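Below you'll find the structure, written out as structure tokens, and then a few comments.
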Amino acid sequence: MTAEPDFRALFLGAHGEQDEAFERLLVDHVREHFAWRREFHPGDQGVRTGNGAAALEERTRAELQRLIGALRRSVPVSSPRYLGHMTSDLLMPGVLAQMVTTLYNPNNVTSEVAPVTVGMEHAAAAQLAAMIGFDGAEDAPRRAWGHLTSGGTVANIESLWMARAARCWPVAVARARGKPQCPGLDGIAPEDGWRVLNLSIDEVHDLHRRVGAWLDGLPVHLRAAAMEAIEEERIERVGAARYPAMSVLVPVTAHYSWEKAVKLLGMGTDRLVPVAVTERMRMDPGDLEDKVLAAHAKREAILAVVPVLGTTEYGTIDPVHEVVALRERCRVRGQSFWVHCDAAWGGYLASVFRREDGGLRSWREARQNFRFFPSEEVHAAFAALGDCDSVTVDPHKQGYIPFGAGALLLRDRRCRAFVAQDAPYVFDGDAVDELGRYALEGSRPGAMAAAVCITHRVLPLHAGAFGRLPAGSVRACESLFTRLRRLAARLRGVASLSVPFEPDTNLVCVAVNPEGNAKVSVMNAFMRDLYGQLSVDPSAPRQDRDFYVSRTRVRLDHLALGARARLLATLGLDEVDDGHLFLLRHTLMNPWLSAEPGKGLLDEYCAHLEGLVRSRAG
Ligand SMILES: *Cc1c(COP(=O)(O)O)cnc(C)c1O
């Protein structure tokens, strides 16, 4: 027996079980806020409202009533019957911290208007950085840094922007060689060309340091001109067209935000190179190496390689350790790339692998409470997170925090220098830590920083505290996986049911084909109809389905050949008259699914699915 509390009491509850605690905590702290308002110059005369205050209150009440009425049509994501998208019940500490802090309305663009919550944002980023294995120590050779974003999309875009600014900076230095404003730079700057686009990130920092020292050594009246001679060659100034094209390698399972990122940066989607996946739906390290070698042969620079930790559709874990190892092999032959791990979905699972003292739990240790999780490769992928150059994590996904919270984490804070933005009215010359100087977004809610930081303080990000939540969701996934296999056996003769990819974490997809059908298009229509019974009805006055799931379409040409043949055979399909398979997708993050009565609900779900299939496949 353990004395640890059951952390699930921190959720609001499917039926609002924690309503009294929530109300107490909310009302007490809202009162404190008004007391705080009154403390500021208490002698000032209160602002007197004119006529009509009562009527205005009534109008507000009426509109709020209409809002609440409309919200009855909302999706009941807090219920364990909701198995759909990456959203679930919320952790109370985060919601409360957010609601209370919103009343103070701090803007984390600068500590000038957010003296408290900017510190909390640094703290939240440090908590996340420690969870994934970045070194945040003040004297660390590469000291981590990070900040919150409005979500994973922005964090991903920003990582690419940061990677490009850092990796292209040496090109500007090389191009400034020989300019009259830069006498003496020749000895420091490398020559333009393939080599300079392939400096490792450590070499870039070293060059930055040496150029900085050289600038410092110049007489003051020459320094500004020399700096400008370099600045005017930067990609930020001259644009991507004056720079060699660089590609970004992502698995075919990558989130669509990567397309947005290369479009926005003016690189074009042609520069996004898809890497094949293995039968387990993980980035194929062999194909990655082939593509990296091909780029080397053609002298095409690679900006970044992006393994995904927890793919959006299947929850699978790319071999981050293989990508990092490949970066090392490339360095030896003078090729380099930035490694960004898109852990928007799976990042918080890293807490399962973290000991309270910050150390990494061994594979043996981490496996103890699971049936299948984690495979050795999955453990190795998490262990390698700390070697990535940057990582995206979404607190508004598996952090159980309200929407509007993503995070970008950098292994080495020195990279910020390459994107620093001046704005004389906001940032003072030496205000190096101002978030708005480096973040893509400007004004951002301090309330979100409070929500993330307070949640991590109540539930620290290690296996014994926060880690229990993702661990529970993985166990729920293992339960559903086992139950779906039994369902497949029960349905024999009626329909073929298949779980196309063994889950790596807490997402599981299902395909069902009615007996006797061999056409992919017919199965897809059947699945679409099933999905219709398991999804939101926007026209209903309130949602009343028994269960909600989500769906996805997997492109057949994205599957590894063996996996594709096996899947089609298992489902009894041999007429491929459609390019994709329609799948039901289950996200198992509700905290109550990992225990009774959640397990009972998973049985009920399988029985429900069975009924739907039988009534349609007969
Ligand atoms: C959700 C997700 C994103 C995008 O995050 P948003 O917060 O929705 O912007 C990016 N990558 C992966 C892998 C995701 O699962």
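Among the numbered criteria (1) touching an Asp or Glu at 6+ places or on another chain (Cβ under 7 Å); (2) assigned to a helix (DSSP H, G or I); (3) within 16 Å of the ligand (Cβ to nearest atom), which one does A165 miss?
So the condition that A165 fails would be (3).
With the requirement that a residue be under 30 Å from V308 (Cα atoms) and at pLDDT 95 or above, what does region 170-195 give you? Before the answer, list the steps.
Initial filter on region 170-195 (under 30 Å from V308 (Cα atoms)): 170-171, 194-195.
The answer is P170, V171.
When the residues of region 113-125 are filtered to those that are among the aliphatic types (A, V, I, L, M) and assigned to a helix (DSSP H, G or I), which remaining residue is nearest to T392 (Cα to Cα)? Don't jump to the end; show me each part of the working.
Taking region 113-125 first, the residues among the aliphatic types (A, V, I, L, M) are 113-114, 116, 118, 120, 123-125.
Narrowing the set further to residues that are assigned to a helix (DSSP H, G or I) leaves 118, 120, 123-125.
On the way: V118: 19, M120: 18, A123: 16, A124: 14, A125: 11 Å.
The extreme case among them is A125.
So which of R177, R195, R210 is crowded, with 16+ Cβ neighbours inside 10 Å and not acidic (D, E)?
Values: R195 fails: crowded, with 16+ Cβ neighbours inside 10 Å; R210 fails: crowded, with 16+ Cβ neighbours inside 10 Å.
Sole residue among the options that is crowded, with 16+ Cβ neighbours inside 10 Å and not acidic (D, E): R177.
Just name the residue that is farthest from V118 (Cα to Cα) out of those in region 432-491 that are without any contact (Cβ under 8 Å) to a residue 24 or more places away in the chain and among the small types (G, A, S).
Checked region 432-491; the qualifying residue farthest from V118 (Cα to Cα) is A489.
Determine if region 282-289 includes at least one residue that is at pLDDT 95 or above and aliphatic (A, V, I, L, M). Give the derivation first.
So the first thing to find is which residues in region 282-289 are at pLDDT 95 or above, and the list is 282-289.
If we keep only those that are aliphatic (A, V, I, L, M) as well, we get 283, 288.
Yes, region 282-289 contains a residue that is at pLDDT 95 or above and aliphatic (A, V, I, L, M).
With the requirement that a residue be closer than 30 Å to K519 by Cα, under 30 Å from the mean Cα position of the chain (by Cα) and of a type outside the set (S, T, N, Q), what does region 571-601 give you? Steps first, answer last, please.
Step one: of region 571-601, the residues closer than 30 Å to K519 by Cα are 571-587.
Cutting the leftovers down to under 30 Å from the mean Cα position of the chain (by Cα) gives us 579-587.
Within region 571-601, G579, H580, L581, F582, L583, L584, R585, H586 qualify.
Got a sec? Which helices (runs of 4 or more DSSP H) wholly within region 1-112 have at least 1 residues that are free of Cβ contacts under 8 Å to residues at least 24 places away in the same chain?
Working: elements: 19-39, 53-71, 92-102.
So the answer is 19-39, 53-71.
Kindly evaluate L128 against the criterion of being in a helix (DSSP H, G or I) and either acidic (D, E) or within 16 Å of the ligand (Cβ to nearest atom) (or both). Give the derivation first.
Values: in a helix (DSSP H, G or I): yes; either acidic (D, E) or within 16 Å of the ligand (Cβ to nearest atom) (or both): yes.
Spelling it out, L128 is indeed in a helix (DSSP H, G or I) and either acidic (D, E) or within 16 Å of the ligand (Cβ to nearest atom) (or both).
Scan region 370-406 residue by residue and report those that are more than 16 Å from the ligand (Cβ to nearest atom), of a type outside the set (A, V, I, L, M, F, W, C) and over 18 Å from W338 (Cα atoms). Spell out how you get there, then give the answer.
First pass over region 370-406, keeping only residues more than 16 Å from the ligand (Cβ to nearest atom): 370-377, 379-380, 383-384, 386-387, 389.
Now restrict to residues that are of a type outside the set (A, V, I, L, M, F, W, C): 371, 374-377, 379, 386-387, 389.
Those that are more than 16 Å from the ligand (Cβ to nearest atom), of a type outside the set (A, V, I, L, M, F, W, C) and over 18 Å from W338 (Cα atoms): R371, P374, S375, E376, E377, H379.
Say we look at region 373-399 and pick out the residues that are hydrophobic (A, V, I, L, M, F, W, C) and assigned to a loop (DSSP other than H, G, I, E, B); which of these is nearest to the chain's Cα centre (by Cα)? Steps first, answer last, please.
From region 373-399, those hydrophobic (A, V, I, L, M, F, W, C) are 373, 378, 380-385, 388, 391, 393; that's our starting set.
Those still in the list that are assigned to a loop (DSSP other than H, G, I, E, B) too: 373, 384, 388.
Numbers: F373: 21, A384: 17, C388: 14 Å.
Going through the qualifying residues, I end up with C388.
When you go through R195, R175, R167 one by one, which is the residue that is more than 24 Å from R411 (Cα to Cα) and charged (D, E, K, R)?
Numbers: R195 fails: more than 24 Å from R411 (Cα to Cα); R167 fails: more than 24 Å from R411 (Cα to Cα).
Only one candidate qualifies: R175.
For region 133-157, how many residues meet the condition of being away from the ligand (no atom under 16 Å from the Cβ), within 18 Å of the chain's Cα centre (by Cα) and small (G, A, S)?
Number satisfying all stated conditions: 2.
Only one residue in V95, V171 is over 30 Å from G13 (Cβ atoms), among the β-branched types (V, I, T) and more than 16 Å from the ligand (Cβ to nearest atom). Which one?
Values: V95 fails: over 30 Å from G13 (Cβ atoms).
Unique residue meeting the criteria: V171.
Limited to region 169-189, what total is found for residues that are farther than 18 Å from R242 by Cβ and of a type outside the set (A, V, I, L, M)? Even if it seems obvious, please write down each step before you answer.
Going residue by residue through region 169-189, those that are farther than 18 Å from R242 by Cβ are 180-188.
So of that shortlist, the ones also of a type outside the set (A, V, I, L, M) come out as 180-184, 186-187.
The number of residues fulfilling the criteria is 7.
Collect the residues in region 340-360 that are within 16 Å of the ligand (Cβ to nearest atom), part of a helix (DSSP H, G or I) and of a type in the set (F, W, Y), keeping them in residue-number order. Spell out the reasoning first.
Of all residues in region 340-360, those within 16 Å of the ligand (Cβ to nearest atom) come to 340-350.
Next cut, part of a helix (DSSP H, G or I) only: 347-350.
Across region 340-360, the qualifying residue is only Y348.
Name the single residue, out of those in region 229-242 being surrounded by fewer than 14 Cβ atoms within 10 Å (Cβ to Cβ) and among the basic types (K, R), that is nearest to the chain's Cα centre (by Cα).
Of everything passing the filter in region 229-242, R237 is nearest to the chain's Cα centre (by Cα).
Yes/no matrix, rows are residues, columns are (1) in a helix (DSSP H, G or I); (2) touching a residue at least 24 places away in the same chain (Cβ under 8 Å):
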position: W169; (1), (2): yes, yes
position: G178; (1), (2): no, no
position: C182; (1), (2): no, yes
position: I188; (1), (2): no, yes
position: L207; (1), (2): yes, yes
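When you check W363 against the structure, is it modelled with pLDDT of 95 or more, surrounded by fewer than 19 Cβ atoms within 10 Å (Cβ to Cβ) and either aromatic (F, W, Y) or farther than 30 Å from A450 by Cβ (or both), yes or no?
Values: modelled with pLDDT of 95 or more: yes; surrounded by fewer than 19 Cβ atoms within 10 Å (Cβ to Cβ): yes; either aromatic (F, W, Y) or farther than 30 Å from A450 by Cβ (or both): yes.
In short, yes.
The values are calculated or read from the model by the stated rules, or taken from the named source; none is laboratory data. Everything quoted here is computed from the prediction, not taken from an experiment. Note: ideal-geometry Cβ built from the backbone for every residue, glycine included; neighbour counts use all protein chains shown.
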